[in-house]
Amino acid sequence: MPETISMQRGTCRIGDVALSYVERHADKRDRGPTLLFAHATGFHARIWDQVISHLPAVHSICVDLHGHGQSTGGPFSSWSDLGEEMAVFIRGLNLIDLVCVGHSLGGHALAQATIKNPQSVRALLLIDPVIMNPEIYALADTLSPEGAQHPAAQRKRNFTSVQEMIDRFRDRSPYSLFTPQVLQDYCEHGLLPTDTGLTLACPPEVEASSYMLPMTGAFILDHLDQVTCPVTVLRGHTMDMKSFGDFTRSPTWPGLADALPNGTDVHRPDLSHFMPMQDPAFVANHVARAAQLDQVQPA
């Protein structure tokens, strides 16, 4: 794909926050579906590059969520904040005929946005969304005690080069699951320049605030009947109470698809929570199915 021709970056201001996004094939807007991608905690809009590389030319928008990538915003207090921002983002850009593709936190946020903008969304692809088993949400006070801080707040934030970041993460879980090109994209676009070098585009304190707040998303269970469009739920190797906190395991409620009016469950226990980074072609195939696109490009 000739990125210099087909890709441009824009900004949508929502109150005090400016959400940055990458738009591809703007000339095809309103000539078919628009793909709207939202990433997981700690990532950014360009993490979808390898998934998109398998798709035919189609209008798409990949957003940097609040405090991630090139978007502004500090630590937040509830996952509902991100859902509301994505709902306003859709209206602000006058997006219609959407196929929303959300991974992890991004899946939760786009499910919220779909509830608030049902007329705008044609289909929803939830990739291992953090919409958990009701039994886990019931243990909120035990699993996410008030005042606790997530270890992500202490992660290394400054680097001298993209290569230093790649070398640091290449053999560490979960990054060791990524394809080499996805790891390159994650590091190359996950750093911002400073006066002395490079720093993480998603500050550790923002990442940590998200990881401490998944229980604030329990309200979504009371609104699943309002997501009436076709929804495909991709799930990886299921997390249980013994593996709670293992980021490679799927946090998605196995009963999620059945709880949706028009849900389809796709369980891939051979894949991890990071399936867009682990198998971009597999995810692209399901994006194409959801959007009723032509055949995806081979891996």
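The values are calculated or read from the model by the stated rules, or taken from the named source; none is laboratory data. Just so it is clear, the structure is predicted and the values come from calculations on it, not from any experiment. All Cβ positions, glycine included, derive from the backbone under ideal geometry; neighbour counts span all protein chains shown.
So if I check each of Q70, Q50, which one is touching a Lys or Arg at 6+ places or on another chain (Cβ under 9 Å) and either over 25 Å from C229 (Cα atoms) or surrounded by 24 or more Cβ atoms within 10 Å (Cβ to Cβ) (or both)? Let's see the steps before the verdict.
Working: Q50 fails: touching a Lys or Arg at 6+ places or on another chain (Cβ under 9 Å).
Step by step, each of Q70, Q50 is checked, and only Q70 is touching a Lys or Arg at 6+ places or on another chain (Cβ under 9 Å) and either over 25 Å from C229 (Cα atoms) or surrounded by 24 or more Cβ atoms within 10 Å (Cβ to Cβ) (or both).
Report, by residue number, each residue of the range 73-91 that is under 16 Å from the mean Cα position of the chain (by Cα), buried (at least 19 other Cβ atoms within 10 Å of the Cβ) and among the small types (G, A, S).
Once the filter is applied, which keeps residues that are under 16 Å from the mean Cα position of the chain (by Cα), buried (at least 19 other Cβ atoms within 10 Å of the Cβ) and among the small types (G, A, S), the range 73-91 yields G83, A87.
Of the residues S60, S6, S71, only one is within 14 Å of H189 (Cα to Cα), among the polar types (S, T, N, Q) and touching a strand residue (DSSP E or B) at 6+ places or on another chain (Cβ under 7 Å); which? Spell out the reasoning first.
Values: S60 fails: within 14 Å of H189 (Cα to Cα); S6 fails: within 14 Å of H189 (Cα to Cα).
One residue alone meets the criteria, S71.
With respect to F43, is the statement that it is in a loop (DSSP other than H, G, I, E, B), out of contact with any strand residue (DSSP E or B) (no Cβ under 6 Å at 6 or more places or on another chain) and crowded, with 24+ Cβ neighbours inside 10 Å true? Don't jump to the end; show me each part of the working.
On the way: in a loop (DSSP other than H, G, I, E, B): yes; out of contact with any strand residue (DSSP E or B) (no Cβ under 6 Å at 6 or more places or on another chain): yes; crowded, with 24+ Cβ neighbours inside 10 Å: yes.
When the stated conditions are applied, F43 passes them.
Among what's in the range 136-162 and is in a helix (DSSP H, G or I) and of a type in the set (S, T, Y), pick the residue that is modelled with the highest pLDDT.
Y137
Looking at G67, G92, which one is within 22 Å of P204 (Cα to Cα) and of a type in the set (G, A, S)?
The unique qualifying residue is G67.
Looking at the range 245-278, which of its residues are free of Cβ contacts under 8 Å to residues at least 24 places away in the same chain and either part of a loop (DSSP other than H, G, I, E, B) or buried (at least 16 other Cβ atoms within 10 Å of the Cβ) (or both)?
In the first step, residues of the range 245-278 are kept if they are free of Cβ contacts under 8 Å to residues at least 24 places away in the same chain; the result is 245-246, 258.
G245, D246, listed by residue number.
Using beta carbons and a limit of 6 Å, which pairs, at least six apart or on different chains, have the first residue in the range 48-64 and closer than 18 Å to L105 by Cα and touching a residue at least 40 places away in the same chain (Cβ under 8 Å) and the second one part of a loop (DSSP other than H, G, I, E, B) and small (G, A, S)?
D64/S71
Can you tell me how many residues within the range 163-206 are touching a Ser or Thr at 6+ places or on another chain (Cβ under 6 Å) and part of a helix (DSSP H, G or I)?
So the count comes out to 1.
Condition check: under 23 Å from V99 (Cα atoms) and not charged (D, E, K, R). Does A201 satisfy that?
Working: under 23 Å from V99 (Cα atoms): no; not charged (D, E, K, R): yes.
So A201 fails the test.
Table: residues versus (1) in a helix (DSSP H, G or I); (2) out of contact with any Gly (no Cβ under 7 Å at 6 or more places or on another chain); (3) not acidic (D, E).
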| site | (1), (2), (3) |
| --- | --- |
| G69 | no, yes, yes |
| S77 | no, yes, yes |
| R91 | yes, yes, yes |
| L95 | no, yes, yes |
| V99 | no, yes, yes |
| H108 | yes, no, yes |
| Q112 | yes, no, yes |
| L124 | no, yes, yes |
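Quick check on my filter: what residues within the range 80-109 are within 19 Å of D49 (Cα to Cα) and either of a type outside the set (G, A, S) or in contact with a Phe, Trp or Tyr (Cβ under 7 Å, 6 or more places away or on another chain) (or both)?
Our first condition is that a residue be within 19 Å of D49 (Cα to Cα); within the range 80-109, this holds for 98-107.
If the condition is that a residue be within 19 Å of D49 (Cα to Cα) and either of a type outside the set (G, A, S) or in contact with a Phe, Trp or Tyr (Cβ under 7 Å, 6 or more places away or on another chain) (or both), then L98, V99, C100, V101, H103, L105 are the ones that fit.
Would you call A218 of a type in the set (A, V, I, L, M, F, W, C), surrounded by fewer than 19 Cβ atoms within 10 Å (Cβ to Cβ), under 19 Å from the mean Cα position of the chain (by Cα) and in a helix (DSSP H, G or I)? Walk me through how you get there before you give the answer.
Values: of a type in the set (A, V, I, L, M, F, W, C): yes; surrounded by fewer than 19 Cβ atoms within 10 Å (Cβ to Cβ): yes; under 19 Å from the mean Cα position of the chain (by Cα): yes; in a helix (DSSP H, G or I): yes.
Answer is yes for this residue.
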